[in-house]
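The values are calculated or read from the model by the stated rules, or taken from the named source; none is laboratory data. Predicted, not measured: the structure shown is a model, and the values here were computed from it. Heads up, the Cβs are rebuilt from the backbone with ideal geometry, glycines too, and the neighbour counts pull from every protein chain shown. Only protein heavy atoms, including side chains, enter the accessible area calculation; ligands, DNA and RNA are left aside. Shrake-Rupley method; radii C 1.70, N 1.55, O 1.52, S 1.80 Å.
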Amino acid sequence: MISYLKYIQQWLRVLPDEVSHEALFINDYTSDLLTIVIPLHNEENNIPKLLKQLKQQDTKAILVLDHCSDCTEEKCQELSCEESKIRIINNSYEHGKKNALRTAIEIVDTPYILCTDADCSIPAKWTHYIGSYLNSKSVKPDLLLMPVGVASAHNNGVAHIRERLFTIDFISLQLSTAGCALSGSPSMANGANILFSRELYLSHDPHSDYISGDDMFLLSEAKKMARPIEYLYSPDVMVSTTMPPSFRAFIRQHSRWLRKGTGYTDTETKKLALSVFISNISWPILFILLPWSPFWQWIPLCLFILKTYYERKLLIKGKALFGISFREYEIIYFALIYPFLMAIIAIVSIFRSKRQW
């Protein structure tokens, strides 16, 4: 618990109270600096919005069809036929997001690759701001981490409450990612909004037994090779995604992340993950195991209050970037149920295959 609270204190010190807007992006850049790469697996419902947003960008994009069994390919061909800067290709390797990425990156002719997911919403000047930021750097990063926000899909009812709980979890992860990177010890990455050099990607260990994305493995490799890693803490480059539609989908998503985590080798990443896990399960375990008397039960109660207080401070700090505020009861409710969700996720991940998106 002490280790976890020290992490949060560190993040609170380095996370900006205000966010930078367009003043950062004053440099021009050429369109041959970066290429957008997006793997697609059965994304027919997201294709119209995705292609519309890609047409607003001022750089090339490659969409990689990963053995789709729906109408994704047909919709891509139909809606992109008049757009020369959007290229559609097929994954030439085995099924999997990792292999789809590699298929595209092997043919990319720009020094940088920008990745997101098909279900994300992309700002109109996304590539302009990122390219401009890169050109402002005398030493360009080999890995650039950027924020992922939340697009609300429900305004009321049970679905809204569930979405708010998932949003607390997601924004906390995003703030942790930013806090670690800005404090000089990047430990997490999100492939929904990430830029990397082509040379770094082709030189890293792909961990091909895990078919999901390369974000965390790429981060680990960049740290091993002492490559420059930066975090761009700005809403102007932020993509947004929707939350899982159910608790079952939430558990499946997190169990996939946890299953991939068994392949991580970075010491700091493992230390952070262990610290978060122990701090979340410690107070309910003590609550159950300690004698039920006021003399003993104040211990788990104090741990819960202290932990929730610092997590609340972190979420408040993130409002400037993500534009989302949370009510006190939402934070407390999430803090109460999260340890039990973590236990379920840990159990499910044991039976989770490495060979799943």
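Looking across the range 139-166 at every residue that is small (Gly, Ala, Ser) and surrounded by fewer than 17 Cβ atoms within 10 Å (Cβ to Cβ), the one that is farthest from residue 187 (Cα to Cα) is identified as 157.
Quick check on my filter: what residues within the range 117-158 are aliphatic (A, V, I, L, M) and either without any contact (Cβ under 8 Å) to a residue 40 or more places away in the chain or assigned to a loop (DSSP other than H, G, I, E, B) (or both)? Matches in the range 117-158: 118, 122, 124, 139, 146, 151, 153, 158. Scanning the range 107-116 for residues that are aliphatic (A, V, I, L, M) and part of a strand (DSSP E or B) yields 113, 114.
Sort out which residues of the range 123-138 are open to solvent by 10 Å² or more (accessible area, probe 1.4 Å) and β-branched (Val, Ile, Thr), and write them in order of number. Answer for the range 123-138, where residues must be open to solvent by 10 Å² or more (accessible area, probe 1.4 Å) and β-branched (Val, Ile, Thr): there is none. Residues in the range 196-207: is at least one in contact with a Pro (Cβ under 7 Å, 6 or more places away or on another chain), buried (at least 21 other Cβ atoms within 10 Å of the Cβ), among the small types (Gly, Ala, Ser) and assigned to a helix (DSSP H, G or I)? No, because not a single residue in the range 196-207 is in contact with a Pro (Cβ under 7 Å, 6 or more places away or on another chain), buried (at least 21 other Cβ atoms within 10 Å of the Cβ), among the small types (Gly, Ala, Ser) and assigned to a helix (DSSP H, G or I). Only one residue in 109, 66, 117 is touching a strand residue (DSSP E or B) at 6+ places or on another chain (Cβ under 9 Å), loosely packed, with under 14 Cβ neighbours inside 10 Å and either within 19 Å of residue 218 (Cβ to Cβ) or not polar (S, T, N, Q) (or both), so which one is that? Every option except 109 fails the conditions.
One residue is enough: does the range 221-238 have a residue meeting the conditions under 15 Å from residue 338 (Cα atoms), buried (at least 17 other Cβ atoms within 10 Å of the Cβ) and not charged (D, E, K, R)?
No - not one qualifying residue is present in the range 221-238.
Scan the range 22-81 for residues that are under 27 Å from residue 232 (Cα atoms), of a type outside the set (Asp, Glu) and modelled with pLDDT under 85 and the total you get is 8.
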